[in-house]
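For reference, the structure discussed in these notes is given below.
Values in this text are rule-based calculations from the coordinates and carry no lab data. On a predicted model such as this, the values are computed, not experimentally measured, just so you know. Glycine gets a Cβ as well: all are built from the backbone with ideal geometry, and neighbour counts include every protein chain shown.
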Amino acid sequence: MTTIFTRIIKGELPGTFVHRDDEVVVFMTINPISPGHALVVPVAEVDQWTDLDQKTRTRLFDVAHKVGEAQKKAFFCNRVALIIAGFEVPHCHVHVIPANDMGDVSFANAAAHADPDELRRLAEAIKAKLK
């Protein structure tokens, strides 16, 4: 069965994209823990990150690193957290989260929803620092 992330990647469902290439996409989560929280997702539907082939795994983490560096510049945060939980959607995804304290990396603090205009604004801020 097609995952919700594949449907977002294919444009069947809306997504606020920060990056897209043949192997990996980055889009803003609709349940952010902190402003600027993005997901790095392989295009291929692979359930667990430990099942990714080496090329895709390398690309996934390279892109996550670049996004994290851009988030530091865009949001002036103390750190950028990287979390792989893998329980929410059966499609590998890496949470890249601007953080100033431990509360910024707790899924208990995730928003129930996010304003689409705010997600677009935050995505543009990251994109601007990726260049």
The range 4-130, relative contact order [Cα under 8 Å, separation at least 6], %: 31 percent
Which one of ILE126, CYS92, PHE17 is farthest out on the positive end of the charge dipole of the range 4-130, using unit charges on Cβ (Lys, Arg +1; Asp, Glu -1) and the Cα centre as origin? ILE126
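How big is D, in µm² s⁻¹, for the chain by Stokes-Einstein at 25 °C and 0.890 mPa s if Rh is the Kirkwood radius over C-alpha pairs?
Working: Rh = 14.6 Å.
Answer from the Stokes-Einstein relation: 168 µm²/s.
For the chain, what is the charge dipole size about the Cα centre, in debye to the nearest 20, if Lys and Arg each add +1 at the Cβ and Asp and Glu each add -1 at the Cβ?
With only Lys, Arg, Asp and Glu charged at Cβ, the dipole is about 480 debye.
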Within a Cβ distance under 13 Å of LEU130, other residues only, what is the Lys/Arg minus Asp/Glu net charge? +3
